[in-house]
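Down below is the structure, laid out as structure tokens.
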Amino acid sequence: MASLRVQNLHLPAIGSTKSTRRRLNYCRAAINFSSNLSPKGAAAFQNLLPVIKLDELVQNQQYTVITEIAKRKPLGSPKESRLLVAKLQTIAEAVADRVEMHDIIGRQRNNWNHLFLHSINSFALSASLMTGISASLPSHLLALKLSSMLLLSAAGGMMLIVNKIQPSQLAEEQRNATRLWKQLGREIDQMLSKKSNLTKQDVNLAMDKVLALDKAYPLPLLPGMLEKFPEHVEPTCWWPKKQKKQNPTLVSQDKCEGNGWSQELEEAMTGLKNVLKMKDESYYVELGKLVLGINKGLAVSGPVIAGLAAIATGFVDAPIGGSWAPVASIVGGALVAVLNTFEHGAQLGMIFEIFRNCPGLYQKIQEEIDYNLSESDVELRENGEIFATRVAIQLGRSVSELKDFAVFASPSCKVEDMKEFASKLF
């Protein structure tokens with residue numbers, strides 16, 4: 001490839017003349033054009049046109065522009081492009097497989113919840129009925145008593161297992177996973193539709209998202225199942241963490257204009273982030289703690305009452321049993337059915353999972369806001385208008401409503417000053 005002589009051109013500062021701006025825009029367009037050419041076409045282009053590249057702003061407020069087409073290579077050879085496409089297609093196939101697997105397992109675990117719910121209730125109520133009938137059929141007392149004890153013991157054992165794995169919560173995890181895997185599949189399809197612009201960073205990001213989803217929503221039941229009764233309620237995290245370049249701070253008015261961003265939008269996003277953190281996220285975390293406490297109490301009391309009822313059944317018609325044993329057995333069996341229906345019929349595990357996923361979404365939005373605001377160069381951020389639209393849709397609001405949160409951008413703002421939640425969806 002023919003090399004070009006390096007020339008140092010001292011141009012006036014940007015914005016001083018229209019011709020300078022046109023010349024710099026022309027150079028950038030030439031660089032992009034040369035990058036998309038084939039190797040032979042790029043060599044021919046280099047022989048015809050010296051392209052300049054903006055290097056640095058020197059102290060005398062002039063730009064030193066250096067021509068370096070000889071050093072610049074195309075974005076990737078055809079072989080490298082095909083390799084990136086093949087890798088991304090492999091990831092897309094794995095994602096499609098995950099979608100199907102999570103959907104099947106989700107329906108299976110939802111069936112578990114209904115099966116165990118009705119089975120345990122049937123066992124407990126049948127045992128209570130047998131204990132009540134045994135008083136009127138003394139000849140069959142032993143058979144009825146043993147059957148009642150067996151059914152209550154089976155109900156207690158099944159409750160121990162079901163309360164440990166929480167099928168309704170497992171089903172909700174798989175439903176969330178299916179939705180998020182489908183979303184990732186659509187993102188990868190969009191990447192594949194722009195094959196010429198694929199980079200290694202795109203492939204690595206897709207792989208990181210796959211691993212993060214696998215960790216957040218594991219497929220195997222044992223081992224690998226998420227903790228159903230955690231000591232601390234934390235928002236679910238299903239996305240790879242982004243590294244911020246610096247602490248997010250508002251950029252001055254003369255630097256934040258461009259790429260859809262403005263000072264007003266930055267303040268609105270900062271205020272929105274504060275409301276999400278101090279009100280929405282904390283509210284659903286507290287609700288999650290409340291539901292977790294209720295669920296934990298029912299998970300312990302159900303098997304205990306079933307065991308006590310089974311023991312009481314053994315003392316029916318015994319000298320020390322008296323009249324309390326049949327009453328305890330009948331009432332205990334009925335109470336087991338009530339507690340089991342309230343815990344698994346109301347699907348408290350699923351409700352807890354919802355309350356854990358809601359603050360996860362709010363935390364994800366906060367991280368995206370921080371990541372964009374931490375980039376001082378607005379041209380390197382995601383387009384402000386697109387970003388605001390996406391955030392507004394996720395929260396069930398219009399873009400114009402986001403401006404109302406600018407008043408909460410101050411770090412001294414308190415939760416008492418926030419009259420409404422940021423999200424309208426939950």
Which residue, of Lys164, Lys215, is under 24 Å from Ala309 (Cα atoms), in a helix (DSSP H, G or I), of a type in the set (Lys, Arg) and modelled with pLDDT under 95? Lys164
When segment 131-184 is examined, which residues are found to be of a type in the set (D, E, K, R), surrounded by fewer than 23 Cβ atoms within 10 Å (Cβ to Cβ) and within 21 Å of Leu348 (Cβ to Cβ)? Lys164, Arg175
Looking at segment 376-406 only, could you name the residues that are within 19 Å of Lys419 (Cα to Cα), over 20 Å from the mean Cα position of the chain (by Cα), assigned to a helix (DSSP H, G or I) and small (Gly, Ala, Ser)? Ser400, Ala406
Matching residues, segment 154-199, being basic (Lys, Arg), closer than 23 Å to Arg98 by Cα and touching a residue at least 12 places away in the same chain (Cβ under 8 Å): Arg175, Lys182
With the structure loaded, tell me whether Val327 is over 30 Å from Ile165 (Cα atoms) and within 22 Å of the chain's Cα centre (by Cα) or whether it fails that test. no
Taking Ala216, is it among the small types (Gly, Ala, Ser) and in contact with a helix residue (DSSP H, G or I) (Cβ under 6 Å, 6 or more places away or on another chain)? no
Cβ-Cβ under 8 Å pairs, at least 6 apart or on other chains, segment 77-96 side more than 18 Å from Ala212 (Cβ to Cβ), far side not in a helix (DSSP H, G or I): Ser81/Leu198; Leu84/Gly76; Leu84/Leu198; Leu84/Thr199; Val85/Leu198
Against the condition over 23 Å from Gln201 (Cβ atoms) and acidic (Asp, Glu), how does Glu80 come out, does it pass? no
Identity of the residue in segment 350-389, among the basic types (Lys, Arg) and in contact with a helix residue (DSSP H, G or I) (Cβ under 7 Å, 6 or more places away or on another chain), that ends up farthest from Leu292 (Cα to Cα): Arg381
Restricting segment 307-351 to residues that are part of a helix (DSSP H, G or I) and either of a type in the set (Phe, Trp, Tyr) or not assigned by TED's automatic domain parsing to the domain that holds Ile133 (or both), the residue that is modelled with the highest pLDDT: Phe342
Just need a number here: residues in segment 115-145 that are outside any helix (DSSP H, G or I) and within 14 Å of Thr313 (Cβ to Cβ). 1
Before we move on, is Ile386 surrounded by fewer than 19 Cβ atoms within 10 Å (Cβ to Cβ) and touching a residue at least 40 places away in the same chain (Cβ under 8 Å)? yes
Thr236: passes all of (1) outside any helix (DSSP H, G or I); (2) under 23 Å from Phe408 (Cα atoms); (3) modelled with pLDDT of 90 or more; (4) not charged (D, E, K, R) but (2)
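Here's the yes/no breakdown for (1) among the aromatic types (Phe, Trp, Tyr); (2) out of contact with any Phe, Trp or Tyr (no Cβ under 9 Å at 6 or more places or on another chain):
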position: Cys358; (1), (2): no, no
position: Ser374; (1), (2): no, yes
position: Glu379; (1), (2): no, yes
position: Val391; (1), (2): no, yes
position: Gly396; (1), (2): no, no
position: Cys413; (1), (2): no, yes
position: Met418; (1), (2): no, no
position: Phe421; (1), (2): yes, no
Considering only residues that are surrounded by 13 or more Cβ atoms within 10 Å (Cβ to Cβ) and of a type in the set (Gly, Ala, Ser), which ones fall in segment 212-240? Ala212, Ala216
I'd like to check something: does segment 177-199 contain any residue that is in a helix (DSSP H, G or I) and within 30 Å of Val331 (Cβ to Cβ)? no
Please give the number of the condition Ile354 fails out of (1) modelled with pLDDT of 90 or more; (2) under 21 Å from Ser126 (Cα atoms); (3) not basic (Lys, Arg). (2)
The one condition Ala422 fails out of (1) within 26 Å of the chain's Cα centre (by Cα); (2) surrounded by 18 or more Cβ atoms within 10 Å (Cβ to Cβ); (3) in a helix (DSSP H, G or I); (4) of a type in the set (A, V, I, L, M, F, W, C) is (3)
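The values are calculated or read from the model by the stated rules, or taken from the named source; none is laboratory data. None of the values given here were measured: they were computed from a predicted structure. Cβ coordinates were reconstructed from backbone atoms using ideal geometry, including for glycine residues, and neighbour counts include every protein chain displayed.
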